[in-house]
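Student: Structure in structure tokens, see below.
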Amino acid sequence: MTHRPERPGTAVSSYLTEERLEIQKLAREFAMNEVLPLANELDPKQGVIPDSLRQQMADMGFFGILIPEELGGLGLGVFEYCLVAEELARAWLSVSGLLARGNGMGGGFTEEQRRRLLPKVARGEYLGAYALSEPDAGSDVANLSCRAHRDGDEWVVHGTKMWCTYADQADYLVLFARTDPDKDPAKPHRGISAFLVEKERGSFPEGVTGTKVRKIGYHGWHTWELSFDGLRLPADALLGEEGKGFYLAVSGLEVGRVHTAARAIGLARAALEDSITYVHQREQFGRLIGDFQAIRFKIAHMAAEIEAARQLMYHAATEIDSGRRCSMEAAMAKYVASEMAERVTSEAVQIHGGAGYTTDFAVERHWRDARLTRIFEGTSEIQLRVISDELLGKVS
């Protein structure tokens, strides 16, 4: 019996040009040869992604995919960014998320900061983390309570942030805090400002303490609850215009959501490929389980769902690269891909039977990590609200 070792969709097409296929091949080989062995070793013991892998990613240009060539990056588009993200996620979701610590940052930088800092970002020397969400402000990011007030030539910050992944290893944080004490209940997003918090890699600055979040997945790096107690920042730490930080926070949502769709697709593909390998090895009732129609149909359905989500992600990425507004398409891609990933990875566990519920096979990792894709970068419910508001208008 023969089967296709490569997933469908790798031939030259209107989306996958020769150049993109080369990028995809490079990322795939790196993911399977370098990332996957580390994931299999480190995820079970919640080990941390080593600096050496991060440097390999930097050497390959992965942190500068979206950075212009004149600033040291590759000068490519969101489509190529998502191609690489899918391949890395197929090996380990966390490593695909590390991509965004370079490419996904830098919004709000002045022109001087862009020219000074983005070349360092592209080299992997200046990677960032977000301090946005709070214990009582997850999806409702307009209702932040963390505050920053002026004290002479400095800003002083007090408050708490949640879900700050990579905050310890980052070279800087993008911190969102309320600078207008008189919050307008009708327009709570006004009065939020963004700040650049530069720090030493591996530590927190004075006035900041962190507590690790106890996660069930997304291992390889730490996610933090951060407490700000008198953090002092220079006046020029302000990113963009004072009081307009909310718009900076939401400006990258289209890219972030399509990137998450790519990651979800990579996870689902991992589950499918692992299942195909397993059904060609596992025997029951004197036959390979891949010979049973029930299993064969499961595999076919998983593959069809993955490809459908991938084509929607390709479309949304193309729309972004074309400069067209596509908040609805990005929300659709993220919603469809993340919901699909949980179904497909769960089906992979089912195909593996009892073995799938052990840590001896990677499908349990794919399943745990896929569940997260329905939550971060906006929950599935938030995506449905974005889509329905586009189709029906916003409810006043």
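The values are calculated or read from the model by the stated rules, or taken from the named source; none is laboratory data. If you're wondering where the values come from, they're calculated on a predicted model, not measured in any experiment. Please note: Cβ atoms are built from the backbone with ideal geometry, for glycine as well, and neighbour counts cover all protein chains shown. Keep in mind that these areas ignore ligands, DNA and RNA; they rest on the heavy atoms of the full protein, side chains included. Shrake-Rupley method; radii C 1.70, N 1.55, O 1.52, S 1.80 Å.
Student: Check off (1) part of a loop (DSSP other than H, G, I, E, B); (2) hydrophobic (A, V, I, L, M, F, W, C); (3) open to solvent by 30 Å² or more (accessible area, probe 1.4 Å) for LEU248 and give me the number that stays unchecked.
Tutor: Checking LEU248 against (1) part of a loop (DSSP other than H, G, I, E, B); (2) hydrophobic (A, V, I, L, M, F, W, C); (3) open to solvent by 30 Å² or more (accessible area, probe 1.4 Å), the one that fails is (1).
Student: Could you say which residue among ASP168, ASP184 is crowded, with 17+ Cβ neighbours inside 10 Å and of a type in the set (Asp, Glu)?
Tutor: The match here is ASP168.
Student: Which members of the range 383-396 meet the condition of being open to solvent by less than 50 Å² (accessible area, probe 1.4 Å), touching a residue at least 12 places away in the same chain (Cβ under 8 Å) and out of contact with any Lys or Arg (no Cβ under 8 Å at 6 or more places or on another chain)?
Tutor: Once the filter is applied, which keeps residues that are open to solvent by less than 50 Å² (accessible area, probe 1.4 Å), touching a residue at least 12 places away in the same chain (Cβ under 8 Å) and out of contact with any Lys or Arg (no Cβ under 8 Å at 6 or more places or on another chain), the range 383-396 yields VAL386, ILE387.
Student: Mind checking whether some residue in the range 186-195 is of a type outside the set (Ser, Thr, Tyr), in a strand (DSSP E or B) and closer than 19 Å to GLY104 by Cα?
Tutor: Within the range 186-195 (the criterion being of a type outside the set (Ser, Thr, Tyr), in a strand (DSSP E or B) and closer than 19 Å to GLY104 by Cα), the answer is yes, since at least one residue qualifies.
Student: Continuing with the same structure: Can you confirm whether the range 365-375 contains a residue that is aliphatic (A, V, I, L, M) and touching a helix residue (DSSP H, G or I) at 6+ places or on another chain (Cβ under 6 Å)?
Tutor: yes
Student: Please state which one of VAL174, VAL121, VAL157 is β-branched (Val, Ile, Thr), closer than 15 Å to GLY210 by Cβ and either surrounded by 15 or more Cβ atoms within 10 Å (Cβ to Cβ) or outside the structural domain of ASP236 (by the TED database) (or both).
Tutor: Within the list VAL174, VAL121, VAL157, the selection yields VAL157.
Student: Let me ask something additional. Go through the range 8-71 and tell me which helices (runs of 4 or more DSSP H), entirely inside it, have 2 or more residues that are closer than 26 Å to GLY106 by Cα and open to solvent by 60 Å² or more (accessible area, probe 1.4 Å).
Tutor: Hits in the range 8-71: 51-59.
Student: Does the range 197-204 contain at least one residue that is over 19 Å from LEU98 (Cβ atoms), open to solvent by 10 Å² or more (accessible area, probe 1.4 Å), at pLDDT below 95 and part of a loop (DSSP other than H, G, I, E, B)?
Tutor: Among the residues of the range 197-204, not one is over 19 Å from LEU98 (Cβ atoms), open to solvent by 10 Å² or more (accessible area, probe 1.4 Å), at pLDDT below 95 and part of a loop (DSSP other than H, G, I, E, B), which makes the answer no.
Student: If we keep just the residues of the range 134-154 that are charged (D, E, K, R) and touching a Pro at 6+ places or on another chain (Cβ under 9 Å), which is surrounded by the fewest Cβ atoms within 10 Å (Cβ to Cβ)?
Tutor: Out of the qualifying residues, it is ASP153.
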